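> Below is the structure I would like to discuss, written out as structure tokens.
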Amino acid sequence: FFHGIEYSPLGRVFMTVIEYKGKKFLHSSDVNGPVIEDYGEFIIREKPDILILDGPMTYMLGYLVTKINLKRAVNNAKNVIKNISARLILFDHHLIREPHFYERILDVWKQNMSVKTAAEYYGFTPVVLA
């Protein structure tokens, strides 16, 4: 998969899917949201029971991330969350690197308040908010 947007000069990454005894775990790696619609559809087709989604690079907004691509990533994340029945969805990696990440993807949180960051899942406040 592209490391971010289509034809990213940063190269490609692996999304990791592990299936064991009928349960499936998916880690999106560095697909930035997912910013690419086909990648969101891939996640939906995989139907993970546990999803760790890297989220968009909100800390790079205006530098490496355009408002259009941020909107794409938010819409794709919303579509994924709406169309899978995962028992656990965690946002991690890119998304939680700046203190305004909640407000930048507010539509995702409004859609499903049970989505958490990895820190929150373990009972901690994300470092950028502490």
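> Determine, from the Cβ-Cβ distance of Leu64 and Tyr20 and an R0 of 35 Å, the FRET efficiency 1/(1 + (r/R0)^6), rounded to the nearest 0.05.
Rounded to the nearest 0.05, the efficiency is 0.45.
> Further question: Can you put Phe2, Phe124, Phe91 in order of accessible area, largest first, using a 1.4 Å probe?
Putting Phe2, Phe124, Phe91 in descending order of accessible area: Phe124, Phe2, Phe91.
> Report, in deg cm²/dmol and to the nearest 500, the calculated mean residue ellipticity at 222 nm for the chain, where each DSSP H run with n ≥ 4 adds -39500 (n - 2.57) and the sum is divided by the residue count. The partial results should precede the final answer.
Working: 5 runs with 41 residues, N = 130.
Value at 222 nm, helices only: -8500 deg cm²/dmol.
> Write down the percent of antiparallel bridges among all DSSP beta bridges whose residues are both part of the chain, to the nearest 5.
Roughly 40 percent of the beta bridges in the chain run antiparallel, per DSSP.
> Choose one answer from Ile81, Ile18, Ile43: the residue with the largest mean-square fluctuation in a GNM of the chain with alpha-carbon springs under 10 Å.
Highest fluctuation among the options: Ile18.
> Just to verify a number: what accessible area does His93 come out at with the full protein assembly present, 1.4 Å probe, Å² rounded to tens?
Accessible area of His93: about 70 Å².
> Taking only protein heavy atoms and a 1.4 Å probe, what accessible area per residue, in Å², does the range 91-130 have with all protein chains in place?
Values: 2470 Å² over 40 residues.
Per-residue value: 62 Å².
> Considering the chain as a Gaussian network with a 10 Å cut-off on Cα pairs, which listed residue, Tyr39, Tyr63, Tyr20, attains the greatest mean-square fluctuation?
Tyr20
> Among [x] 26.5, 85; [y] 13.7, 44; [z] 18.0, 60, only one was calculated for this model; which label is it, if the read-out is Rg and Dmax of the Cα atoms in Å?
Given [x] 26.5, 85; [y] 13.7, 44; [z] 18.0, 60, the calculated one carries the label [y].
The values are calculated or read from the model by the stated rules, or taken from the named source; none is laboratory data. Just so we're clear, the structure is a prediction, and the values are computed from it rather than from any experiment. Neighbour counts run over all protein chains shown; Cβ positions are idealised from the backbone, glycine included. Areas reflect the complete protein model, heavy atoms only, side chains present, ligands, DNA and RNA absent. Shrake-Rupley method; radii C 1.70, N 1.55, O 1.52, S 1.80 Å.
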